[in-house]
Amino acid sequence: MSKLKKVVEKFRELHKDEPLVVRSPGRINLIGEHTDYNMGYVLPGAIEKNVFLAIGLRPDMDVNIFAADYGDHYVTSLDGLTSAWKLWPNYILGVLNELKKRGVLLCGVNIVLGGDIPLAAGMSSSAAVTCATAFALNEVFDLGLSKIELAKLAQAAEHDFVGVKCGLMDQFASLHGKKDHLIKLNCKTNEFEYIPFNSSEVSIVLFDTGVKHHLISSAYNDRRSECQRGIDIIKQNEPAVKDLADVTDEMLDKYLKLSNPLVYNRCLYVVEEMTRLKSACGDLERNNYAALGGRMFETHHGLKHLYEVSCKECDFLVDFAVGNSYVMGARMMGGGFGGCTINLISSGRVDDVIAEVRPRYKNEFGKELKVYPAVLSDGTRLENLISV
């Protein structure tokens, strides 16, 4: 049974009603890691891995949520809405809370959700849930919010109810995805353009380390604070600087290198990554995948040694990729401390690469390596239930 069918049938069983259903995708980010909350550019795309959320209105103020993949129920009320003691409901409750602040929720809702985005693998299943919720509530309450407003709503839910001070990239990519395209997003202005990526020469493939990264308990928020500390120091001498997108290598050397080497390393990685991303867009325009792959390897080196968010499993997979002539580029993807590596592989050699890396990974770490092709897809949208 498909995940969509499972969600719809569970809603019908629980609530004896027909739901409105939203499909919201996960995302990859080809290059531009940890630049979103530093107001730089990113290059994400939505992928064909999705959260499905079925929703219907209630005659009271209750919120009834069922997670089909967990077989787990959570029930609360819009009156006195607070964070749940367990994590997963808070991605939905956080969005409800943001709308409640606006005074637009008129009644309670029934929700059933499920999907096929691997959890804690760096594909942003959390943003898919918050975006699905925001999109669905926008529809059932006819709020008329734009995609960028929904993205900011979903981001605020993660900030305030979940506790992860994430940038806007994940939510933006989930809502704005376009089939066979990446999104070049300026996180300072929210201006964006679609970059075609549908070459028959290369495939994007994810290798899942099986190490579950949970950003709330990780050093993710610490990295954001360290970057802000660097900005604050530089601003004392360069008042025009607002964020790391305004900072040059010369400023880093002058104000941070000797006085605060840890903060210097964090900021240096981000500033270099912003430069790499702009060069990578040029590589894509010229179909120069070898140059693009080289920049991906450089990004991983920075994530490992300067930003210090990698892990031994990610490093092993990237080291394997460096030594394989069919892999043009690879790096750790996502917030860090686990999840997936993203790999740019010659299309005709994907199976050969997988056949080589899987036994090596199992021999090294004693576990199976999961592999996911990353097919670029459209963003969050309503699902047609005629055939479900």
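The values are calculated or read from the model by the stated rules, or taken from the named source; none is laboratory data. As the structure is a prediction and not an experimental result, all values here were calculated from the model. Cβ: placed from backbone, ideal geometry, glycine included. Neighbour counts: every protein chain shown.
Of all the residues in the stretch 100-128, those that are touching a helix residue (DSSP H, G or I) at 6+ places or on another chain (Cβ under 6 Å) and assigned to a helix (DSSP H, G or I) number 3.
Looking across the stretch 255-274, the residues that are free of Cβ contacts under 8 Å to residues at least 12 places away in the same chain and either surrounded by 14 or more Cβ atoms within 10 Å (Cβ to Cβ) or in a loop (DSSP other than H, G, I, E, B) (or both) come down to Lys257, Leu258. Looking only at residues of the stretch 341-356 that are under 25 Å from the mean Cα position of the chain (by Cα) and either β-branched (Val, Ile, Thr) or modelled with pLDDT under 95 (or both), we find that the one that is farthest from Ala291 (Cα to Cα) is Ile354. Can you tell which of Phe207, Phe161 is outside the structural domain of Ile342 (by TED's automatic domain parsing) and more than 21 Å from Ala245 (Cβ to Cβ)? Only one candidate passes the filter, namely Phe161. Residue pairs whose Cβ atoms lie under 8 Å apart, sitting 6 or more positions apart in sequence or on different chains, and linking a residue in the stretch 220-242 that is assigned by TED's automatic domain parsing to the domain that holds Leu306 and assigned to a helix (DSSP H, G or I) to a partner that is surrounded by 15 or more Cβ atoms within 10 Å (Cβ to Cβ) and among the hydroxyl-bearing types (Ser, Thr, Tyr), are Arg223/Tyr307; Arg224/Tyr37; Cys227/Tyr37; Gly230/Tyr264; Ile233/Tyr255; Ile234/Tyr255. Might you check whether a residue that is exposed (fewer than 15 other Cβ atoms within 10 Å of the Cβ), not assigned by TED's automatic domain parsing to the domain that holds Val42 and not in a helix (DSSP H, G or I) occurs anywhere in the stretch 352-367? For the stretch 352-367, residues exposed (fewer than 15 other Cβ atoms within 10 Å of the Cβ), not assigned by TED's automatic domain parsing to the domain that holds Val42 and not in a helix (DSSP H, G or I): present.
Quick one: is Asn50 touching a helix residue (DSSP H, G or I) at 6+ places or on another chain (Cβ under 9 Å) and part of a strand (DSSP E or B)?
Values: touching a helix residue (DSSP H, G or I) at 6+ places or on another chain (Cβ under 9 Å): yes; part of a strand (DSSP E or B): yes.
Criteria met by Asn50.
Can we say Tyr289 is hydroxyl-bearing (Ser, Thr, Tyr), touching a Leu at 6+ places or on another chain (Cβ under 7 Å) and closer than 30 Å to Ser346 by Cα?
Numbers: hydroxyl-bearing (Ser, Thr, Tyr): yes; touching a Leu at 6+ places or on another chain (Cβ under 7 Å): yes; closer than 30 Å to Ser346 by Cα: yes.
Yes; evaluated as a whole, the condition is true for this residue.
Within the stretch 292-320, residues that are crowded, with 19+ Cβ neighbours inside 10 Å sit with their Cβ atoms under 6 Å from residues that are of a type in the set (A, V, I, L, M, F, W, C) and in a helix (DSSP H, G or I), at 6+ positions apart or across chains, in these pairs: Leu292/Ala280; Arg295/Ala280; His300/Val318; Val309/Leu303; Ser310/Leu303; Phe320/Val357. Within the stretch 155-174, can you find the residues that are charged (D, E, K, R) and either more than 21 Å from Cys227 (Cα to Cα) or crowded, with 24+ Cβ neighbours inside 10 Å (or both)? Matches in the stretch 155-174: Glu158, Asp170. Of the residues in the stretch 21-31, at least one is at pLDDT 95 or above, in a loop (DSSP other than H, G, I, E, B) and more than 21 Å from Lys152 (Cβ to Cβ).
Can you find a residue that is on the phi < 0 side of the Ramachandran plot and surrounded by fewer than 20 Cβ atoms within 10 Å (Cβ to Cβ) anywhere in the stretch 327-335? No, every residue in the stretch 327-335 fails to be on the phi < 0 side of the Ramachandran plot and surrounded by fewer than 20 Cβ atoms within 10 Å (Cβ to Cβ).
Listed by first and then second residue, the pairs with beta-carbon distance under 9 Å, at least 6 apart or on different chains, first residue in the stretch 100-111 and within 17 Å of Val21 (Cα to Cα), second basic (Lys, Arg), are Gly108/Arg58; Val109/Arg58; Asn110/Arg58.
Selection of the stretch 59-87 for residues being buried (at least 20 other Cβ atoms within 10 Å of the Cβ) and aromatic (Phe, Trp, Tyr) yields only Phe66.
Take the conditions (1) crowded, with 22+ Cβ neighbours inside 10 Å; (2) within 15 Å of the chain's Cα centre (by Cα); Asp116 misses just one of them, which is (1).
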